[in-house]
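Engineer: Quick one: structure below, then a few questions.
None of the figures in this text is laboratory data; all of them are computed from the coordinates on show. The structure displayed is predicted, hence computed values, not measured ones. Don't worry about glycine lacking a Cβ; one is built from the backbone with ideal geometry, like all the others, and counts go over all protein chains shown.
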Amino acid sequence: MKLWTGRFSKEADKITNDFNSSIGTDKRMYREDIEGSIAHAEMLGIQGIISPEDADAIIGGLKQIKSEIDSGTLEIDMTAEDIHTFVEGELTKRIGDAGKRLHTARSRNDQVALDIRLNLMKECDEVDGLLRRLIGVLADMGEKYADAVMSGYTHLQRAQPVTFGHYMLAYAEMFLRDIERLADCKKRTARSPLGCCALAGTTYNTDRYKTAELLGFSDICHNSLDGVSDRDFIIEFSSCLSIISVHLSRFSEEIILWCSHEFKYIELDDAFSTGSSIMPQKKNPDIAELVRGKSGRVFGDNMNILTVMKGIPLAYNKDMQEDKDCIFDASDTVKACLTAFIPMIETMNVKTENLRKAAAGGFINATDCADYLVSKGIPFRDAYKITGALVALCIEKNTTLEELPLDEYKKLSEKFDEGVYEAVNLDRCVNSRTSAGGPAPENVRAEAKRVKSLI
Ligand code: ARG
């Protein structure tokens, strides 16, 4: 059944129907479509645009249809043009003329804009819930490994001492920002386009605030042309998902490096690793690699919606039907990534002794050595130079700043004394980095608590 046959003298070609149809994608929004129609019918009844009896019949019929689709007793007809056509057709089949009154003062243009907003608000909540779970795991690790000294890196070269707990909380910060971004995106998604109709509102005495309120929106779209053609909220959600993917991909990259034989900082649990069909010794971080790889899909989806929207004149154009596949794919992909990533992180075995060993070998206390000379009155630039020479000497002698004899120190500066060994002790180096946001264990424990309070 079609909703638009009146002015045509011929049936649409099958090619047209197949190409035009969107049911394969928008069937996913059947709940939102029905919820929106229920609110619309209720408003039409309240406003006296349809009779209370018709409103009741419509609402009863729609509820029935929803529960039958939910339970699987009613199958969505895949030959219908879209989910809106299917639901309205099914309703009219059941309740007759009252069903034909549902679409008064509405168009599929505001209807589909409504459905996708409602749907994406739920998607936002699901992604938010997964991010909170991940942040909780990271905050626990922040606490547990607040004292686990490791090297921090710049240029992937060992740089200065931090702790594994501090490292985990760095990722927690990224995901906390993602949560903020999602909340902000949801705020603008939560505006109702219902009642904008095709593009120019309506002459009926509708109450758009009523339907907005019934559907849990905080406001309405204030311009009917914009209401039916705005897809910024999809672009925003897609952008949020892209940024989440950047974070997951960077984290994955570290996990992959860290579980290599060359680092051995962590070992992934067997339950979240995979093997090789030919190399019996292999244990591969496939989850992390896939999460890193799937970021490409999510970025592609973002480019998709940006490109679809960039040249569209006001108001609705059929191009906009292309807005759903990409955002559903992006949301599903990010949810699947998080679902696999969280237990992989939660169960990984952190090899604190290897973290410490690598930290001891990379001169990551050189800055502290220079700072020590500064405390003895030497200008930082000179202290930096002296320490550089000390590092070169250690490399030549195959030793470390911790083990270099004091007389060697003294050859480069008379200011050195026994105190230098305390200054370059890694635990001291970390413990005294108490500046706000720094890796001192007491800071990290306090930050872990703060992070937990935010989720
Ligand atoms: N399937 C359409 C979409 O997703 C629904 C809106 C149809 N409106 C129209 N004027 N053809 O955009």
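Engineer: Can you give the translational diffusion coefficient of the stretch 149-188 in µm²/s, computed by Stokes-Einstein from the Kirkwood radius over Cα pairs at 37 °C and 0.692 mPa s?
Structural biologist: Answer, rounded: 278 µm²/s.
Engineer: Another question about this same structure. What lysines sit close enough to Lys10 to cross-link, taking a C-alpha to C-alpha distance under 19 Å and skipping anything fewer than 8 places away on the same chain?
Structural biologist: The reachable lysines, counting only those whose Cα sits under 19 Å from Lys10, are Lys2.
Engineer: Then there's this: What Rg and what Dmax come out for the chain when only alpha-carbon atoms are used, in angstroms?
Structural biologist: Calculated on Cα positions, Rg and Dmax stand at 30.6, 102 Å.
Engineer: Continuing with this model, one more query. At a Förster distance of 35 Å, what's the computed FRET efficiency of Leu406 paired with His261, Cβ-Cβ distance as r, to 0.05? Spell out each step's value before the answer.
Structural biologist: Details: r = 37 Å, r/R0 = 1.06.
Once rounded, the FRET efficiency stands at 0.40.
Engineer: Residue farthest toward the positive end of the dipole of the chain, with Cβ of Lys/Arg at +1 and Asp/Glu at -1: which of Ser273, Ala340, Ser224?
Structural biologist: Ser224
Engineer: By how many nm would the segment from Glu346 to Thr5 grow when fully extended, if each residue of separation counts as 0.36 nm and the alpha-carbon distance is taken off?
Structural biologist: Working: separation 341, 0.36 × 341 = 122.76 nm, distance 5.71 nm.
Net length gain for the segment: 117.1 nm.
Engineer: Can you give the local net charge around Arg250? Use residues other than it whose beta-carbon is closer than 14 angstrom to its beta-carbon, Lys and Arg +1, Asp and Glu -1. Please list the in-between numbers first.
Structural biologist: On the way: positive: Arg177, Arg292, Lys294; negative: Glu173, Asp178, Glu253, Glu254, Glu289.
Here the charged neighbours net out to -2.
Engineer: Would you calculate a helix-derived [θ] at 222 nm for the chain, using -39,500 (n - 2.57) for each DSSP H run of n ≥ 4 and dividing by the full residue count, to the nearest 500?
Structural biologist: Working: 20 runs with 286 residues, N = 455.
The per-residue figure over the chain is -20500 deg cm²/dmol.
Engineer: Round to the nearest 0.05 the FRET efficiency obtained for Ser432 and Asp232 when R0 = 35 Å and r is the Cβ-Cβ distance.
Structural biologist: Calculated value: 0.15.
Engineer: A further question follows. Shape of the stretch 4-139 from its Cα gyration tensor (a ≥ b ≥ c, root eigenvalues): rounded if a/c is under 1.5, otherwise prolate when a/b > b/c, or oblate? Spell out each step's value before the answer.
Structural biologist: On the way: a/c = 2.15, a/b = 1.42, b/c = 1.52.
It is oblate, given that a/c is not under 1.5 and a/b is not larger than b/c.
Engineer: Can you work out the FRET efficiency for the pair Lys93 and Ala200, with r the C-beta to C-beta distance and R0 = 45 Å, to the nearest 0.05?
Structural biologist: Efficiency for this residue pair is about 0.90.
Engineer: Mind jotting down a quarter of the surface of the convex hull over the alpha carbons of the stretch 253-346, in square nanometres, one decimal? Please report the intermediate quantities before stating the final value.
Structural biologist: Working: hull surface 32.5 nm².
Hull-based average projected area comes out at 8.1 nm².
Engineer: Sticking with this structure for a sec: Any idea what % of Cα-Cα pairs in the stretch 164-274 are farther than 21 Å?
Structural biologist: Of the Cα pairs, 57 percent sit more than 21 Å apart.
Engineer: Right, something else. Could you give the angle, 0 to 90 degrees to the nearest 10, between helix 323-347's Cα long axis and the longest principal axis of the Cα atoms of the chain?
Structural biologist: The angle comes out at about 40 degrees.
Engineer: With +1 assigned to the C-beta of every Lys and Arg and -1 to the C-beta of every Asp and Glu, and no other charges, what is the dipole magnitude of the chain about the Cα centre in debye, to the nearest 20?
Structural biologist: Values: 57 positive and 72 negative charges, 104 e Å.
Using Cβ point charges on Lys, Arg, Asp and Glu, the chain gives about 500 debye.
Engineer: Distance check, please: which entries in Lys376/Lys411; Lys294/Lys357; Lys122/Lys144; Lys351/Lys449; Lys27/Lys100; Lys100/Lys335 exceed 27 angstrom between their Cα atoms?
Structural biologist: Details: Lys376/Lys411 16 Å; Lys294/Lys357 34 Å; Lys122/Lys144 33 Å; Lys351/Lys449 24 Å; Lys27/Lys100 21 Å; Lys100/Lys335 39 Å.
Exceeds cut-off: Lys294/Lys357; Lys122/Lys144; Lys100/Lys335.
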